[in-house]
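Quick notes on the structure that follows.
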Amino acid sequence: MQHQNPRGSGRPTPRRPLRLALAGATAGLAAFGAVAVSGTAGAASTLGASAAASGRYYGAAVAAYKLSDSVYSGILDREFTMVTPENEMKWDATEPSQGSFSYGSADQIVNHAVAAGQRIRGHALAWHSQQPGWAQNLSGSALRQAMVNHITNVAGHYRGKIYAWDVVNEAFADGSSGARRDSNLQRTGNDWIEVAFRTARAADPNAKLCYNDYNTDGVNAKSTAVYNMVVDFKARGVPIDCVGFQSHLNSASPLPGDYQANLQRFANLGVEVQITELDIAGSGTAQANDFAAVTRACLAVARCAGITVWGIRDTDSWRASSTPLLFDGNGNKKAAYTAVLDALNAAGPTTPPTTTPPTTTPPTTPPTTPPTTPPGGAGCSASVSLNQWNGGFVATVRVTAGSSALSGWAVSLALPSGASVVNTWNAQASGSSGTVRFSNVSYNGSVGAGGSTEFGFQGTGTGPSGSATCSAS
């Protein structure tokens, strides 16, 4: 979506009216309930550290020109473990002239995040808005080729550095039709989203590939259209790993009572769900309760990987007048901050999903290896959840520490004859067929006693049906 002016004026420049809302949503809190936990995490004092205790991230959208503000960057580095460039990776910023790429501001954010030990969400490769003028003047095959070239170059430039890309942003129309948005990209052909995802996979094969949209927070015509697209992509082997729910909330409409259920139905398809652009208009206790409710909803869904708030201080927000963030203009923690931190600290490692798989194809299956309790001694255990369709599968593996903390781990898993791993995230794979060994990457090797972390992989053929073996390293 259009957020603050990337040129540094600091003025909100929305191109469409505010959507979704929440200030009066406290009535829906009971729908989210308490989070089921399989352990007790020690209370952490920052958002990122507390989210990490349940295997999740807590992130913020940032602007490059604000990184020189010591209060801004201080909060960023202290509190957040995921960073999203607010405007700096969009088409108009990265390819202002056709074929001429400019990465200075985006590189500044990426370099800052890497130095601070934070991961990066890339936002966004293909979108009908914030296109450079030259792209707006193209159509048909010329625009399609320009999109492919843009994705190839931008995703390729950051290859290996991005946790997840918002490959396509806001491609569905508002309202009850469930139709695609009419845009210059849509007019290049209905397969443009598929082409964008396949291009992104080729350019940055280890990044998670997300579809991102607004007004999809509850079960409605728009979110169901996105859901059906994910089902179709999974059935045909189109690479899609995650769905982003923007969750820009305000007083015009309350938080949907089926917010958590909506996240869960997407998670049941085998994709990761991410809350990508959270801000909640309001103040005081009502706002704090609403932030806590959204947090608990994510914690209750095992495949909800984390939450990103769209800005740091209220004054940094694209809609600053509605004070929608966790820190006030002076950088002080608000009641909403405390509510989020308390909700995160109340949760330990969450249990794997138990919701009955959807009846639409491709069929999903329950975990092939029943979740296990942490071993009584040192070491670790692993459980596998499998989403499978004709010719392919996605496996999500949860690694759980025993009575001692882990500084590293490895999981071995035997694949059936003819099966092969084609993509892995949050782990390093040794081999692609037969018995494959997965080991931790730099940011998820440390797991507290009784805590857990997850990794996943995509494969061709039939998914594994045997048990996974975990060893501490």
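Each peptide in 203-210, 466-473 was scored by the mean count of other Cβ atoms within 10 Å over its residues; highest first, the order is 203-210, 466-473. For the range 206-303, what class follows from the C-alpha gyration tensor (a ≥ b ≥ c being the square roots of its eigenvalues): rounded when a/c is under 1.5, otherwise prolate if a/b is larger than b/c, else oblate? It comes out prolate by the Cα gyration axes.
Taking a sphere under 12 Å around the Cβ of ALA335 and counting the other residues whose Cβ falls inside, with K and R at +1 and D and E at -1, yields a net charge of -1. A simple count of charges around PRO132, restricted to other residues whose Cβ falls under 13 Å of its Cβ and scoring Lys, Arg +1 and Asp, Glu -1, yields -1.
Can you give the local net charge around ARG119? Use residues other than it whose beta-carbon is closer than 11 angstrom to its beta-carbon, Lys and Arg +1, Asp and Glu -1. Working shown, then result.
Details: positive: ARG121, LYS161, LYS208; negative: none.
Here the charged neighbours net out to +3.
Shape class of the range 136-288 from the Cα gyration tensor (axes a ≥ b ≥ c, square roots of the eigenvalues): prolate, since a/c reaches 1.5 or more and a/b is larger than b/c. With a cut-off of 15 Å on the backbone N, the residues of the range 47-78 near the modelled label site 7 Å out from ALA115 along Cα-Cβ are 64-78. Counting protein heavy atoms only, the range 411-454 has 43 percent of its accessible area on carbon and sulfur, 1.4 angstrom probe. Distance between the 7 Å Cα→Cβ label points at VAL441 and ASN206: 0.6 nm. Solvent-accessible surface of the range 84-170, taken per residue with a 1.4 Å probe and all protein chains present: 34 Å².
Which order do the peptides 260-269, 188-197, 301-310 take when ranked by the mean count of other beta-carbon atoms within 10 Å per residue, highest first?
301-310, 260-269, 188-197
The label-point distance for ASN149 and ALA235, in a model that sets each label 7 Å from Cα toward Cβ, rounds to 3.6 nm.
The values are calculated or read from the model by the stated rules, or taken from the named source; none is laboratory data. Given the structure is predicted, the values throughout are model-derived calculations rather than measurements. Reconstructed Cβ throughout: ideal geometry from the backbone, glycine too, with neighbour counts over all protein chains shown. The protein model used for the area step is the full one, side chains on, heavy atoms only, and it has no ligands, DNA or RNA in it. Shrake-Rupley method; radii C 1.70, N 1.55, O 1.52, S 1.80 Å.
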